[in-house]
1. For the charge dipole of segment 249-385, defined by +1 on Lys and Arg C-beta atoms and -1 on Asp and Glu C-beta atoms about the Cα centroid, which residue among Pro294, Phe278, Ile255 has the Cα displaced farthest towards the positive pole?
2. Mind checking the dipole of segment 249-385: about its Cα centre, +1 per Lys or Arg Cβ, -1 per Asp or Glu Cβ, Debye to the nearest 20?
3. Among the listed pairs Lys46/Lys231; Lys64/Lys224; Lys162/Lys199; Lys329/Lys376; Lys59/Lys151; Lys351/Lys376, which have their C-alpha atoms separated by more than 24 angstrom in this model?
4. On a 0 to 90 degree scale, rounded to 10, what angle separates helix 104-114 from the longest Cα axis of the chain?
5. Name the residues whose placed amide hydrogens come within less than 5 Å of the amide hydrogen of Phe186, ignoring near sequence neighbours (fewer than 5 apart) on the same chain.
6. Could you give the length gained on full extension between Phe21 and Lys44, defined as 0.36 nm per residue of separation minus the Cα-Cα distance, in nm?
7. Pairing the Cα long axis of helix 311-323 with the longest principal axis of the chain, what angle in degrees results, from 0 to 90 and rounded to the nearest 10?
8. Full extension from Val299 to Leu367: what is 0.36 nm times the residue separation minus their Cα-Cα distance, to one decimal in nm?
Amino acid sequence: MSLFCALVTVIKRIDKIKRNFLWRSIDGKKKMVKIRWNVICNPKVKGGAGVVNLGVKNKALLAKWSWRFAVEKEVLWRKVILAKYGSNVQCWRFKTTCPKNMYSIWKGIVVNSMDAAVSRCVGEDSFYWKIGNGKTALFWWDKWCGDRPLKWIYPRLFRIAKSKDCTIAEMVSLLGSGNTNWNEYFTRPLLEREVGLSKELAERVIGIDLNLSREDRLCWVKDKEWVFSVKKCTELLMLEDGEINNFDFGILWNIKVPPRVHSFLWILVIDRLPTKEFLVKRGVCFQKFSLNCPWCEGVPECTSHLFFQCKFIDGFWGRIFKWWAEVWKPVEGFSDFFVLCNNVCMNAFRKRLWLIAIAVACWTIWLARNGMIFDKKRVYMENLVFL
Ligand SMILES: [Zn+2]
């Protein structure tokens with residue numbers, strides 16, 4: 001997976017086995033699909049279950065070779081690739097032209113790096129140079145000051161520059177000496193409007209403080225550690241075509257409750273609990289059974305009514321909040337509810353306990369609802385609060 005480009009058919013077969021494991025019951029019959037596969041494959045902090053998406057993982061693993069090529073300067077495999085296919089203008093980037101003539105394994109890596117989503121993760125724009133001695137980063141081509149390479153900031157000057165591939169150290173030694181005879185740097189005398197630009201450029205160069213004891217360092221801008229990681233790259237690739245859910249799932253997964261309650265809360269947030277309304281939408285026929293809320297029997301059972309809007313449950317939350325000396329306000333759905341619970345003023349330890357209590361209360365409502373529907377157990381407020 002980290003070296004070979006996996007065949008689409010192989011990935012589909014493996015994904016099918018994983019989906020069947022999830023959606024088929026013990027007797028082999030297919031169970032109802034409640035959550036789409038690409039949602040399940042999303043990272044946990046982005047609203048998924050964190051199941052590995054093999055196609056995306058394969059892309060991220062292959063993308064790592066772009067990073068390794070850039071930072072592992074002395075390794076043998078890199079020297080072989082350089083000797084055989086050469087590099088880009090920037091010697092830290094491998095050549096991507098004519099991949100057809102390349103050896104199949106390397107071709108897979110090169111073609112993968114040209115994929116639109118992958119190139120947004122490991123393309124030229126994803127890297128930034130922190131300048132040390134200035135001997136590696138290229139003055140015009142690399143991104144080292146500002147958010148773009150200088151060739152894009154001063155395209156007119158770049159077009160007429162004599163030395164387009166010079167390093168920062170070379171440019172500093174030329175301009176840093178105070179020599180502003182522009183004819184030495186450009187192929188023709190500067191026009192009036194170009195003189196101002198060149199002065200601006202010279203000021204940038206004079207302001208560079210080279211550190212001769214340290215090499216230039218390549219940084220991956222997509223991660224706060226500045227180092228490429230397959231995990232982060234996979235996450236970014238997943239978000240390319242995934243659904244964006246603004247809910248802060250990180251807090252939810254950090255609540256100290258058993259895995260079963262975590263899964264329940266996750267399903268509650270993404271609104272995939274098998275309530276009666278949810279099941280009817282998926283074609284389940286209830287025949288003589290009531291579709292209404294088990295608490296009030298007044299309106300059809302949906303997640304927001306069952307957990308938050310029903311009069312009976314409103315009373316339940318009122319008692320729980322009062323117990324913790326907090327003020328309960330009616331909410332529309334789980335997102336509002338979680339914001340209300342998360343915005344309470346408490347010290348860290350008490351808040352951890354508070355969030356556990358809230359998670360357990362939601363789980364209790366669901367258990368009581370199931371007991372009432374499947375086992376005909378009557379639910380009283382006192383039982384529910386102290387369940
Ligand atoms: Zn109700």
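Values in this text are rule-based calculations from the coordinates and carry no lab data. Predicted model, so just to flag it, every value in this text is computed and none were measured. For neighbour counting, all protein chains shown are included, and Cβ atoms are generated from backbone atoms with ideal geometry for every residue, glycine included.
1. Farthest towards the positive end: Ile255.
2. 340 debye
3. Lys329/Lys376; Lys59/Lys151; Lys351/Lys376
4. 80 degrees
5. Lys162
6. 6.3 nm
7. The angle comes out at about 70 degrees.
8. 22.5 nm
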